[in-house]
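S.K.: This is the structure, below, for whatever I ask next.
The values are calculated or read from the model by the stated rules, or taken from the named source; none is laboratory data. Since the structure is predicted, the reported quantities are computational estimates derived from the model, not experimental observations. Virtual Cβ from ideal backbone geometry, glycine too; neighbours counted across all protein chains shown.
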Amino acid sequence: MFIIKNRKIFYTIAVLLVAASIAFLVAWGLNFGIDFTGGTLWEMEFKTKYPTQGEINGVLMSEGLEASVIQPSAENGYILRFRPLEETQHQAGLAALKKQFGEIDEMRFEAIGPSIGKELRDKSIYAIAIVILAIIAYIAWSFRKVEKVVSSWIYGVIAIIALVHDVLIPLGIFAVLGKFWGVEITSAFVAAILTVLGYSVNDTIVVFDRVRENLRKHTHDDFVELVGASVKQTIRRSINTSLTTLLVLGSIYFFGGASIKPFALVLMIGILSGTYSSIFLASPLLVSWSLRRNK
């Protein structure tokens, strides 16, 4: 099959994308939001007059308050992010805004201390690590009966390689977005990454499962040809599923509120990279491993 025969080209594309993502992460890092660094999030809706971001910033600056981010949210609403604020500062800022712009509804005012932010960051790392280990164990157990050509643990390891690819690419893109557009990493980002992990590994397992079924039915067939046939049998399903999911996420991104846009964007990037890795990376790696083993 075309994909298996040209696997080195697809490996090169994947390596370049991952290398670029790592370079962006090393150069700029991630712009962590207040969920991780500590700070204050303030969401409000203006009932009388809808001001511009510059007007809001000007009023707050007159009270000694500097918002790191002022972004539109719902209709006539804004989300503001600050370094940790005292309640006196909160009330002073609210009074100044009401005086200038009239009636205001506070949707939320949340303070997160740096210690809570660090705890959340650590738990997020642990959650991702546990998910990865569980995936390896599950795949190794599921494929234990087809170890003649490739060890069941190799299926798990290759799935994790694909997952690393699928996680690093969104991280790299968000490093760029954080550097130039101030996009922050929030707890919703972590939830989106975990969702991408689940989606991607499911897509990969669908292909691997077809390989397993074909191995059981055609025990004497050439493994390279068998993997190629398995990819051919599942590629339409993978692409169609991804396209329908992307259509839904695109609707959320373009028509949803500002607060949910980053979540939808992570999922769209992750699904694109996950579809690529399950079709053009994971299965060809099985072939490369088997050929190397048989040398």
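S.K.: Of 230, 283, 277, 251, which residue is of a type in the set (Ser, Thr, Tyr), in a helix (DSSP H, G or I) and surrounded by fewer than 20 Cβ atoms within 10 Å (Cβ to Cβ)?
M.R.: Within the list 230, 283, 277, 251, the selection yields 251.
S.K.: I'm checking my understanding of the structure. Among residues of segment 88-126 that are exposed (fewer than 11 other Cβ atoms within 10 Å of the Cβ) and touching a residue at least 24 places away in the same chain (Cβ under 8 Å), which one is farthest from the chain's Cα centre (by Cα)?
M.R.: For segment 88-126, the residue satisfying everything is 103.
S.K.: Can you tell me which condition residue 238 does not meet? The list is (1) hydroxyl-bearing (Ser, Thr, Tyr); (2) surrounded by fewer than 17 Cβ atoms within 10 Å (Cβ to Cβ); (3) more than 16 Å from the chain's Cα centre (by Cα), and all the others hold.
M.R.: Here residue 238 clears every test but (2).
S.K.: Moving to a separate point now. Need a quick list: helices (runs of 4 or more DSSP H) entirely within segment 1-44 having at least 3 residues that are within 21 Å of residue 175 (Cα to Cα).
M.R.: Result: 7-28, 34-37.
S.K.: Here are some residues: 65, 85, 60. Which one is in a helix (DSSP H, G or I) and either more than 30 Å from residue 252 (Cα to Cα) or of a type in the set (Val, Ile, Thr) (or both)?
M.R.: 60
S.K.: Next question. Sort through 129, 140 and tell me the only one that's under 33 Å from the mean Cα position of the chain (by Cα), closer than 29 Å to residue 201 by Cα, buried (at least 16 other Cβ atoms within 10 Å of the Cβ) and free of Cβ contacts under 8 Å to residues at least 24 places away in the same chain.
M.R.: 140
S.K.: Among the numbered criteria (1) modelled with pLDDT of 85 or more; (2) aliphatic (A, V, I, L, M); (3) in the same structural domain as residue 261 (by TED's automatic domain parsing), which one does residue 120 miss?
M.R.: (1)
S.K.: I need the full set of residues from segment 19-36 which are modelled with pLDDT of 95 or more and crowded, with 19+ Cβ neighbours inside 10 Å, in order please.
M.R.: Within segment 19-36, 21, 24 meet the criteria.
Condition check ((1) closer than 15 Å to residue 166 by Cβ; (2) touching a Pro at 6+ places or on another chain (Cβ under 6 Å); (3) among the small types (Gly, Ala, Ser); (4) in contact (Cβ under 8 Å) with a residue 60 or more places away in the chain) across all residues:
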site	(1), (2), (3), (4)
180	no, no, no, no
199	yes, no, no, yes
202	yes, no, no, no
205	yes, no, no, yes
211	no, no, no, yes
233	no, no, no, no
252	no, no, no, no
258	no, yes, yes, yes
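S.K.: Just wondering, is there one or more residues in segment 101-110 that are of a type in the set (Phe, Trp, Tyr) and not in a helix (DSSP H, G or I)?
M.R.: Scanning segment 101-110 turns up at least one residue that is of a type in the set (Phe, Trp, Tyr) and not in a helix (DSSP H, G or I).
S.K.: Another question, then. Is at least one residue of segment 269-283 of a type outside the set (Asp, Glu) and either assigned by TED's automatic domain parsing to the domain that holds residue 75 or under 28 Å from residue 80 (Cβ atoms) (or both)?
M.R.: Checked segment 269-283: at least one residue is of a type outside the set (Asp, Glu) and either assigned by TED's automatic domain parsing to the domain that holds residue 75 or under 28 Å from residue 80 (Cβ atoms) (or both).
S.K.: Checking residue 48 against (1) in contact (Cβ under 8 Å) with a residue 40 or more places away in the chain; (2) over 21 Å from residue 187 (Cβ atoms); (3) buried (at least 17 other Cβ atoms within 10 Å of the Cβ); (4) not assigned by TED's automatic domain parsing to the domain that holds residue 262: exactly one of these is not met. Which one?
M.R.: Going through the list (1) in contact (Cβ under 8 Å) with a residue 40 or more places away in the chain; (2) over 21 Å from residue 187 (Cβ atoms); (3) buried (at least 17 other Cβ atoms within 10 Å of the Cβ); (4) not assigned by TED's automatic domain parsing to the domain that holds residue 262, residue 48 breaks only (3).
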